[in-house]
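The values are calculated or read from the model by the stated rules, or taken from the named source; none is laboratory data. Since the structure is predicted, the reported quantities are computational estimates derived from the model, not experimental observations. Neighbour counts run over all protein chains shown; Cβ positions are idealised from the backbone, glycine included.
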Amino acid sequence: MTPDLRPESSNTQSRNLAQWVAEIARLTTPDRIHWCDGSEAEKRSLTQQAVDAGVLIPLNPAKRPGCYLHRSDPNDVARTEQLTFICTPTKAEAGPTNNWAAPDETYRKLRGWLDGSMRGRTMYVVPYVLGPLGSRFAKVGIEITDSVYVALNMQIMTRMGKAALDMLGASGEFNRGVHCTLDLNPDRRLICHFPQDNAIWSVGSGYGGNALLSKKCFALRIASAVGRREGWLAEHMLILEITSPQGESTYVAAAFPSACGKTNLAMVTPPPAMAAKGWRVSTLGDDIAWLRVGADGRLWAINPENGYFGVAPGTSAKSNPNAMKMVGHDSLFTNVAMTPDGDVWWEGMEIDPPAGLIDWHGKPWSRNPADKAAHPNSRFTTPMVNNPVMSSHANDPEGVPISAIIFGGRRATTMPLVLESSDWTHGVFMGATMGSETTAAATGAVGVVRRDPMAMLPFCGYNMGDYFAHWLEMRKAISRPPKVFMVNWFRKDADGKFLWPGYGENLRVLGWMLDRIHGRVRAIETPAGGVPNPADLDLSGLEIAPDTIRQALAVDPKEWKAEMESAGELFDKIGPTMPADLKRLRAELSASLDAPTPLPRAATAG
Ligand code: OXD
Ligand code: MN
């Protein structure tokens with residue numbers, strides 16, 4: 001069968017789009033082309049096709065209405081950073097922290113792999129918008145894919161279908177994403193970005209972070225490069241609205257590496273004592289923020305996405321009750337375990353595993369805890385509207401003004417519960433020197449500390465030194481900059497016990513930041529930055545020993561010496577593009593650690 005490739009038979013007024021789809025169809029020779037319209041009817045029919053093909057397993061409609069389970073190939077369960085490339089004309093543009101490959105050669109290789117690759121299959125053309133509809137900051141992408149699972153996930157994660165074609169109109173300006181699963185052979189798997197062409201080619205993987213091109217590929221890697229050109233920032237950040245008992249709404253954006261609790265913080269439930277006082281939290285985004293300078297000189301954020309692709313294990317009624325509610329219906333699950341009555345289960349759900357559990361491979365679970373029933377990077381895909389605490393500004397075309405940027409990693413040592421930077425440059429330094437223990441979100445060893453500047457190490461689409469310089473440069477346009485903080489919910493004591501309870505209690509730390517933003521309390525100065533006076537943290541209703549808080553807030557000069565050495569290695573690796581201002585701050589901080597009493601000193605004003 002040969003699909004009709006004439007432009008007039010396509011669903012778009014954009015000749016560029018029609019021509020490009022025809023070009024990819026001539027290369028991949030699908031039997032059918034399906035232009036996604038994003039309608040409910042289409043969702044029903046694609047879901048049925050996916051069920052018939054064994055790609056989706058219906059879950060119990062009485063327990064999880066509208067929910068389905070997908071089991072991926074066991075070799076395709078996480079992002080593959082070693083197979084992810086930035087294909088800029090020169091290697092220097094990609095920089096030393098990215099894999100680089102020459103564009104022409106890469107296109108040639110991928111075209112070879114894709115030749116005839118969709119024969120016998122359907123090619124889905126998935127138009128989507130990143131950003132709220134009607135926003136002047138929104139952008140159009142088109143993903144061509146041979147995966148019905150990808151098409152269905154894209155309908156949840158983005159504003160997908162007709163709305164995108166309407167926004168595009170006759171224009172040829174859209175991100176060109178080509179995705180083909182091939183035979184899921186890791187030897188023929190590559191995720192390649194061509195920022196100069198606004199193009200992405202992802203081959204050989206069906207895993208979300210590799211295959212949903214709207215997410216990491218476009219909204220972060222390509223968008224970060226576009227943002228540099230256009231004077232804005234695409235960041236790996238959640239966006240949160242916090243409403244204080246006084247009724248003031250404050251918006252914060254927070255960058256944490258993958259699987260470090262961004263989704264949990266984005267929809268955090270205030271602890272009872274704070275809820276009773278009137279604290280409320282609502283979500284704008286859980287993974288990505290696009291930040292622009294507003295006419296008022298503040299930084300304004302939108303969430304380019306329309307859904308959440310969250311890590312399932314560890315999500316429970318205790319850790320994230322809102323997430324448990326939102327995945328109760330109309331959600332897709334990937335690589336979780338299935339109960340005999342057709343419900344889902346994962347480690348850390350805090351519900352005993354029922355007898356007869358089926359593991360993520362589709363086999364009866366051995367009940368051996370070393371043998372996880374759900375893959376540690378198993379996921380849910382849920383529409384943003386399912387979130388019971390979605391912010392009323394989540395679809396606001398202008399976004400929200402950001403009062404604080406928070407960086408954070410998963411660190412057993414060194415990093416205090418919270419640190420405040422002295423100014424924008426120091427804040428950029430904090431982000432640039434950030435480290436975190438690796439998680440299951442990417443293939444490779446788990447639990448090893450690596451430098452992950454601004455949580456963007458795997459997602460920055462250009463030279464990391466230029467990226468830091470762009471951050472520093474942005475300050476000139478931001479006349480009313482947000483405060484910048486660093487947090488660590490994961491510090492442990494000498495016995496390996498967490499010093500801070502985390503989850504909902506983290507709101508107490510955000511409360512202190514708000515007090516700092518509104519000038520209500522002072523910070524205690526340390527060489528690494530400002531820390532709270534424990535008396536200024538709202539600890540009402542929380543049982544925590546004063547000494548534990550002191551340990552959680554401590555800045556240990558020996559640990560910080562090692563930290564600065566490690567940061568220095570990253571700065572050296574970045575080399576000539578590393579901004580002088582950040583090198584200077586590192587030298588100054590290192591030197592101050594040699595001073596006789598570097599532990600908390602005087603209270604600072606302001
Ligand atoms: C994600 C990730 O899926 O960061 O958000 O890996
Ligand atoms: Mn992420």
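Remarks
- Considering only residues in segment 432-450 that are surrounded by 17 or more Cβ atoms within 10 Å (Cβ to Cβ) and among the aliphatic types (A, V, I, L, M), the one that is nearest to ligand 2 (Cβ to nearest atom) turns out to be ALA441.
- Close pairs from segment 148-172: first part of a loop (DSSP other than H, G, I, E, B) and aliphatic (A, V, I, L, M), partner modelled with pLDDT of 95 or more and buried (at least 20 other Cβ atoms within 10 Å of the Cβ), Cβ under 9 Å, at least 6 apart: ALA170/SER14
- Check on GLY209, touching a residue at least 24 places away in the same chain (Cβ under 8 Å), in a helix (DSSP H, G or I), within 13 Å of ligand 2 (Cβ to nearest atom) and of a type outside the set (A, V, I, L, M): yes
- Within segment 181-206, considering residues that are out of contact with any His (no Cβ under 9 Å at 6 or more places or on another chain) and in a strand (DSSP E or B), the one nearest to ligand 1 (Cβ to nearest atom): ILE191
- Segment 279-297: number of residues that are charged (D, E, K, R), within 15 Å of ligand 1 (Cβ to nearest atom) and under 14 Å from ASN322 (Cβ atoms): 1
- Flag if SER331 is among the polar types (S, T, N, Q) and free of Cβ contacts under 8 Å to residues at least 40 places away in the same chain: no
- Among the residues listed as GLY120, GLY134, GLY141, GLY172, the single one being surrounded by fewer than 22 Cβ atoms within 10 Å (Cβ to Cβ) and in contact with a Lys or Arg (Cβ under 9 Å, 6 or more places away or on another chain): GLY172
- Restricted to segment 325-356, and to residues there that are of a type in the set (Gly, Ala, Ser) and closer than 17 Å to MET267 by Cβ, the residue that is surrounded by the most Cβ atoms within 10 Å (Cβ to Cβ) is SER331.
- Boolean, VAL125 is crowded, with 24+ Cβ neighbours inside 10 Å and either in a strand (DSSP E or B) or more than 19 Å from the chain's Cα centre (by Cα) (or both): no
- Residue within segment 78-100 that is buried (at least 17 other Cβ atoms within 10 Å of the Cβ), farther than 24 Å from ALA312 by Cα, away from ligand 2 (no atom under 16 Å from the Cβ) and acidic (Asp, Glu) present: yes
- Yes/no for VAL268 being touching a residue at least 60 places away in the same chain (Cβ under 8 Å) and either within 14 Å of ligand 1 (Cβ to nearest atom) or in contact with a Gly (Cβ under 6 Å, 6 or more places away or on another chain) (or both): yes
- Across segment 293-321, the qualifying residues are those that are surrounded by 22 or more Cβ atoms within 10 Å (Cβ to Cβ) and away from ligand 2 (no atom under 16 Å from the Cβ), and the one among them that is nearest to ALA404 (Cα to Cα) is LEU299.
- Single match in GLY247, GLY177 (criterion: under 30 Å from GLU505 (Cα atoms) and either at pLDDT below 95 or within 23 Å of the chain's Cα centre (by Cα) (or both)): GLY247
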